[in-house]
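K.L.:
First, the structure itself, so that you have it in front of you.
The values are calculated or read from the model by the stated rules, or taken from the named source; none is laboratory data. Remember, predicted model here, so these are calculated numbers, not experimental data. As a convention, Cβ positions derive from the backbone with ideal geometry for all residues, glycine included, and neighbour counts pool all protein chains shown. Heads up: the accessible areas ignore ligands, DNA and RNA and are worked out on the full protein's heavy atoms, side chains in. Shrake-Rupley method; radii C 1.70, N 1.55, O 1.52, S 1.80 Å.
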Amino acid sequence: NIAEVENCFTRLRVQLHDGTKFSEELIKKTNPAGIVKQSTDFYHIIYGLQVESIAQDVKTYIKENKK
């Protein structure tokens, strides 16, 4: 469901294909400092300075699990 993922200094920016499938409960299990909903399909998930490695992990996961 992830269309695009990028990071800035402290935030993971996630654009979804279908925003109705966003699970705040699931994201909260990853211990973010916060979640900011920009629109129905675009979110900023605040992780702090470790966000770059998190973004890389997400990109690797997406690449390895493409259907």
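K.L.:
Which residue pairs have Cβ atoms closer than 7 Å, lie 6 or more positions apart in sequence or on different chains, and pair a first residue in segment 35-60 that is in contact (Cβ under 8 Å) with a residue 24 or more places away in the chain with a second residue that is basic (K, R) and buried (at least 16 other Cβ atoms within 10 Å of the Cβ)?
P.N.:
Correct list of pairs: H44/R11; H44/R13; I45/R11; I46/R11; V51/R11.
K.L.:
Let me ask another. Could you list, in sequence order, all residues of segment 39-67 that are in a helix (DSSP H, G or I), of a type in the set (V, I, T) and modelled with pLDDT under 95?
P.N.:
I62
K.L.:
Filter segment 13-38 down to the residues that are assigned to a strand (DSSP E or B) and basic (K, R), then identify the one that is most open to solvent (accessible area, probe 1.4 Å).
P.N.:
Only one residue fits best here, namely K37.
K.L.:
Is there any pair linking a residue in segment 1-29 that is within 11 Å of F42 (Cα to Cα) to one that is polar (S, T, N, Q) and at pLDDT 95 or above, with Cβ under 6 Å and at least six apart or on different chains, and which?
P.N.:
Close Cβ pairs satisfying both conditions: A3/Q15; E4/Q15.
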